[in-house]
Amino acid sequence: MAKKETPPRWDRTMQRRLARGEAAALGELYDRFASLVHGLAHRVLGDEGAADRITRDVFAHVWEHPDTYDPAEGPLRTWIAGLTHRLAVQRLRATETAALARGGPGTTEELEHKVRHASVAARADYIVQSMPAPLRAALELAYFQRRDYRQTAADLGVTEDEARRRLRLGLQLLATAREAGTPGPPPGYRGTTPPGYGGAA
(Lines give C-alpha, C1' and ligand atoms only; values in the text may rest on other atoms or scores of the structure.)
Protein backbone atom coordinates (compact mmCIF):
# COMPACT_ATOMS: atom_id res chain seq x y z
CA MET A 1 0.00 0.00 0.00
CA ALA A 2 1.41 3.39 -1.03
CA LYS A 3 2.39 5.72 1.79
CA LYS A 4 0.31 8.89 1.95
CA GLU A 5 2.10 12.04 0.87
CA THR A 6 3.28 14.18 3.76
CA PRO A 7 1.18 17.35 3.87
CA PRO A 8 2.90 20.71 3.46
CA ARG A 9 4.47 22.24 6.53
CA TRP A 10 1.96 25.12 6.43
CA ASP A 11 -0.93 22.68 6.84
CA ARG A 12 0.64 20.96 9.85
CA THR A 13 1.56 24.27 11.47
CA MET A 14 -1.89 25.71 10.88
CA GLN A 15 -3.56 22.68 12.45
CA ARG A 16 -1.40 23.05 15.57
CA ARG A 17 -2.09 26.80 15.79
CA LEU A 18 -5.83 26.27 15.48
CA ALA A 19 -5.69 23.56 18.14
CA ARG A 20 -3.99 26.10 20.45
CA GLY A 21 -6.84 28.55 19.84
CA GLU A 22 -4.88 31.19 17.92
CA ALA A 23 -7.39 33.66 16.49
CA ALA A 24 -4.74 34.95 14.06
CA ALA A 25 -4.51 31.45 12.57
CA LEU A 26 -8.22 31.45 11.83
CA GLY A 27 -7.82 34.84 10.12
CA GLU A 28 -5.02 33.50 7.93
CA LEU A 29 -7.06 30.43 7.09
CA TYR A 30 -10.05 32.58 6.16
CA ASP A 31 -7.92 34.83 3.94
CA ARG A 32 -6.54 31.82 2.11
CA PHE A 33 -9.67 29.70 1.70
CA ALA A 34 -12.79 31.91 2.03
CA SER A 35 -13.16 32.40 -1.72
CA LEU A 36 -12.83 28.64 -2.31
CA VAL A 37 -15.42 27.85 0.37
CA HIS A 38 -17.88 30.48 -0.82
CA GLY A 39 -17.48 29.47 -4.46
CA LEU A 40 -18.09 25.78 -3.77
CA ALA A 41 -21.08 26.54 -1.54
CA HIS A 42 -22.58 28.85 -4.14
CA ARG A 43 -22.07 26.20 -6.84
CA VAL A 44 -24.16 23.75 -4.80
CA LEU A 45 -26.81 26.14 -3.46
CA GLY A 46 -27.07 28.75 -6.20
CA ASP A 47 -27.79 31.43 -3.61
CA GLU A 48 -25.46 34.16 -2.34
CA GLY A 49 -26.99 34.37 1.14
CA ALA A 50 -26.94 30.60 1.61
CA ALA A 51 -23.31 30.47 0.44
CA ASP A 52 -22.44 33.18 2.98
CA ARG A 53 -24.03 31.13 5.76
CA ILE A 54 -22.19 27.97 4.72
CA THR A 55 -18.93 29.94 4.67
CA ARG A 56 -19.54 31.08 8.23
CA ASP A 57 -20.50 27.54 9.27
CA VAL A 58 -17.35 26.05 7.76
CA PHE A 59 -14.97 28.42 9.51
CA ALA A 60 -16.93 28.15 12.76
CA HIS A 61 -16.55 24.37 12.58
CA VAL A 62 -12.83 24.66 11.90
CA TRP A 63 -12.44 27.04 14.86
CA GLU A 64 -14.50 24.91 17.25
CA HIS A 65 -13.22 21.50 16.11
CA PRO A 66 -9.67 21.90 14.75
CA ASP A 67 -8.85 18.36 15.88
CA THR A 68 -11.20 16.94 13.22
CA TYR A 69 -8.53 17.73 10.62
CA ASP A 70 -5.78 15.13 10.53
CA PRO A 71 -2.75 16.31 8.51
CA ALA A 72 -1.83 12.68 7.88
CA GLU A 73 -5.00 12.30 5.81
CA GLY A 74 -4.13 14.96 3.22
CA PRO A 75 -3.97 18.69 2.53
CA LEU A 76 -5.94 21.18 4.59
CA ARG A 77 -7.38 22.67 1.40
CA THR A 78 -8.91 19.30 0.44
CA TRP A 79 -10.32 18.79 3.93
CA ILE A 80 -11.94 22.25 3.94
CA ALA A 81 -13.38 21.68 0.46
CA GLY A 82 -14.84 18.36 1.59
CA LEU A 83 -16.37 19.95 4.69
CA THR A 84 -17.86 22.73 2.56
CA HIS A 85 -19.28 20.23 0.08
CA ARG A 86 -20.86 18.14 2.83
CA LEU A 87 -22.46 21.09 4.63
CA ALA A 88 -23.72 22.67 1.40
CA VAL A 89 -25.30 19.42 0.19
CA GLN A 90 -26.94 18.94 3.60
CA ARG A 91 -28.34 22.48 3.43
CA LEU A 92 -29.62 21.96 -0.13
CA ARG A 93 -31.29 18.68 0.77
CA ALA A 94 -32.91 20.17 3.89
CA THR A 95 -34.15 23.25 2.02
CA GLU A 96 -35.58 21.28 -0.88
CA THR A 97 -37.16 18.67 1.40
CA ALA A 98 -38.87 21.43 3.38
CA ALA A 99 -40.18 22.93 0.13
CA LEU A 100 -41.59 19.55 -0.92
CA ALA A 101 -43.24 19.13 2.49
CA ARG A 102 -44.98 22.50 2.02
CA GLY A 103 -46.43 21.24 -1.24
CA GLY A 104 -43.86 22.81 -3.52
CA PRO A 105 -43.29 21.55 -7.06
CA GLY A 106 -41.29 18.43 -7.75
CA THR A 107 -40.86 14.91 -6.42
CA THR A 108 -38.40 13.18 -4.12
CA GLU A 109 -36.67 11.71 -7.18
CA GLU A 110 -36.29 15.17 -8.72
CA LEU A 111 -34.89 16.45 -5.42
CA GLU A 112 -32.26 13.72 -5.32
CA HIS A 113 -31.34 14.41 -8.95
CA LYS A 114 -30.93 18.11 -8.15
CA VAL A 115 -28.74 17.30 -5.15
CA ARG A 116 -26.57 14.90 -7.19
CA HIS A 117 -26.28 17.42 -10.02
CA ALA A 118 -25.19 20.20 -7.66
CA SER A 119 -22.78 17.86 -5.91
CA VAL A 120 -21.10 16.80 -9.15
CA ALA A 121 -20.90 20.42 -10.33
CA ALA A 122 -19.13 21.44 -7.14
CA ARG A 123 -16.75 18.48 -7.35
CA ALA A 124 -15.92 19.33 -10.96
CA ASP A 125 -15.24 22.96 -10.07
CA TYR A 126 -12.93 21.94 -7.25
CA ILE A 127 -11.07 19.45 -9.43
CA VAL A 128 -10.52 22.07 -12.13
CA GLN A 129 -9.30 24.62 -9.57
CA SER A 130 -6.92 22.06 -8.05
CA MET A 131 -5.42 20.83 -11.33
CA PRO A 132 -1.86 21.72 -12.24
CA ALA A 133 -1.86 24.86 -14.37
CA PRO A 134 -0.89 23.08 -17.65
CA LEU A 135 -3.87 20.71 -17.44
CA ARG A 136 -6.27 23.48 -16.44
CA ALA A 137 -5.09 25.70 -19.31
CA ALA A 138 -5.62 22.90 -21.85
CA LEU A 139 -9.14 22.16 -20.61
CA GLU A 140 -10.11 25.82 -20.55
CA LEU A 141 -9.00 26.23 -24.17
CA ALA A 142 -10.80 23.05 -25.25
CA TYR A 143 -14.09 23.60 -23.42
CA PHE A 144 -14.58 27.30 -22.95
CA GLN A 145 -12.89 28.55 -26.13
CA ARG A 146 -13.88 25.48 -28.18
CA ARG A 147 -10.35 24.86 -29.46
CA ASP A 148 -9.44 21.44 -30.86
CA TYR A 149 -6.26 19.72 -29.72
CA ARG A 150 -4.22 21.12 -32.63
CA GLN A 151 -5.27 24.68 -31.81
CA THR A 152 -4.71 23.99 -28.11
CA ALA A 153 -1.19 22.77 -28.86
CA ALA A 154 -0.45 25.91 -30.88
CA ASP A 155 -1.89 28.22 -28.23
CA LEU A 156 0.10 26.55 -25.46
CA GLY A 157 3.30 26.17 -27.48
CA VAL A 158 3.43 22.39 -27.02
CA THR A 159 3.35 19.42 -29.39
CA GLU A 160 0.04 17.95 -30.48
CA ASP A 161 0.88 14.75 -28.60
CA GLU A 162 1.42 16.75 -25.41
CA ALA A 163 -1.85 18.63 -25.91
CA ARG A 164 -3.71 15.32 -26.32
CA ARG A 165 -1.98 13.94 -23.21
CA ARG A 166 -2.99 16.97 -21.13
CA LEU A 167 -6.58 16.86 -22.35
CA ARG A 168 -6.86 13.11 -21.74
CA LEU A 169 -5.49 13.42 -18.20
CA GLY A 170 -7.71 16.42 -17.45
CA LEU A 171 -10.77 14.50 -18.64
CA GLN A 172 -9.81 11.50 -16.49
CA LEU A 173 -9.56 13.75 -13.45
CA LEU A 174 -12.92 15.36 -14.23
CA ALA A 175 -14.51 11.93 -14.61
CA THR A 176 -13.93 11.35 -10.90
CA ALA A 177 -16.45 14.13 -10.20
CA ARG A 178 -19.20 11.85 -11.49
CA GLU A 179 -18.71 9.38 -8.65
CA ALA A 180 -21.70 11.06 -7.00
CA GLY A 181 -23.86 9.31 -9.60
CA THR A 182 -25.08 12.00 -11.99
CA PRO A 183 -24.84 10.74 -15.57
CA GLY A 184 -23.33 12.73 -18.40
CA PRO A 185 -20.42 15.18 -18.54
CA PRO A 186 -19.59 17.37 -15.55
CA PRO A 187 -22.00 20.34 -15.39
CA GLY A 188 -20.53 23.54 -16.74
CA TYR A 189 -18.72 21.79 -19.60
CA ARG A 190 -20.09 21.50 -23.11
CA GLY A 191 -19.72 18.19 -24.90
CA THR A 192 -18.10 14.96 -23.79
CA THR A 193 -14.76 15.47 -25.53
CA PRO A 194 -13.01 18.52 -26.89
CA PRO A 195 -13.86 19.39 -30.51
CA GLY A 196 -11.59 17.57 -32.90
CA TYR A 197 -10.13 15.50 -30.06
CA GLY A 198 -12.06 12.30 -30.64
CA GLY A 199 -10.13 10.43 -27.95
CA ALA A 200 -7.22 9.86 -30.26
CA ALA A 201 -4.11 8.43 -28.72
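The values are calculated or read from the model by the stated rules, or taken from the named source; none is laboratory data. Nothing here was measured: the structure is a model prediction, and the numbers come from that model. Every residue, glycine as well, gets a Cβ built from its backbone with ideal geometry; the counts of neighbours run over all protein chains shown. Only protein heavy atoms, including side chains, enter the accessible area calculation; ligands, DNA and RNA are left aside. Shrake-Rupley method; radii C 1.70, N 1.55, O 1.52, S 1.80 Å.
Structure values in brief
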read-out	value
Entirely in segment 73-162, the helices (runs of 4 or more DSSP H) that have 2 or more residues that are within 20 Å of R56 (Cβ to Cβ)	76-101, 108-130
Residues within segment 43-67 that are part of a helix (DSSP H, G or I) and either among the charged types (D, E, K, R) or open to solvent by 70 Å² or more (accessible area, probe 1.4 Å) (or both), tallied	9
Selection count where residues are among the acidic types (D, E) and surrounded by 16 or more Cβ atoms within 10 Å (Cβ to Cβ), scope segment 140-176	2
Some residue of segment 33-42 being of a type outside the set (G, A, S), without any contact (Cβ under 8 Å) to a residue 24 or more places away in the chain and buried (at least 17 other Cβ atoms within 10 Å of the Cβ)	yes
Segment 83-138, residues that are without any contact (Cβ under 8 Å) to a residue 40 or more places away in the chain, open to solvent by less than 70 Å² (accessible area, probe 1.4 Å) and closer than 12 Å to G170 by Cα	A133, P134, L135, R136, A137, A138
